[in-house]
């Protein structure tokens, strides 16, 4: 599923945003890119998350969940 569908159109990633980000993730060892050929015979780079990337993703999710919990508590605090 595309990011646009997941975000209901709120996120639009352009090539000028996406590929530099993927390159940074690859340099940090969080994803691995490999050249291959698509179904319609075009050369393309395919990315897979690494074990380090999976760990980083889990840690980031835990931190976002913690922050969301704090914000929820503050916004729904009874006076």
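Scanning the range 41-56 for residues that are part of a loop (DSSP other than H, G, I, E, B), in contact with a strand residue (DSSP E or B) (Cβ under 6 Å, 6 or more places away or on another chain) and loosely packed, with under 10 Cβ neighbours inside 10 Å returns no hits.
Could you tell me whether any residue of the range 10-22 is touching a strand residue (DSSP E or B) at 6+ places or on another chain (Cβ under 7 Å) and free of Cβ contacts under 8 Å to residues at least 40 places away in the same chain? Yes, some residue in the range 10-22 is touching a strand residue (DSSP E or B) at 6+ places or on another chain (Cβ under 7 Å) and free of Cβ contacts under 8 Å to residues at least 40 places away in the same chain.
Is it the case that residue 59 is without any contact (Cβ under 8 Å) to a residue 12 or more places away in the chain and assigned to a helix (DSSP H, G or I)? Quick ask: steps written out before the conclusion?
Numbers: without any contact (Cβ under 8 Å) to a residue 12 or more places away in the chain: yes; assigned to a helix (DSSP H, G or I): yes.
Here the answer is yes, as residue 59 does meet what is asked.
Scan the range 1-40 for residues that are part of a loop (DSSP other than H, G, I, E, B) and either at pLDDT below 95 or over 23 Å from residue 52 (Cα atoms) (or both) and the total you get is 13. For the condition closer than 19 Å to residue 15 by Cα and either part of a helix (DSSP H, G or I) or modelled with pLDDT of 95 or more (or both), residue 66 does not qualify. Taking the conditions (1) part of a helix (DSSP H, G or I); (2) surrounded by 11 or more Cβ atoms within 10 Å (Cβ to Cβ) in turn, residue 73 satisfies each one other than (2).
The values are calculated or read from the model by the stated rules, or taken from the named source; none is laboratory data. Just so we're clear, the structure is a prediction, and the values are computed from it rather than from any experiment. Neighbour counts are summed over all protein chains in view; Cβ atoms, including those assigned to glycine, are modelled from backbone coordinates with ideal geometry.
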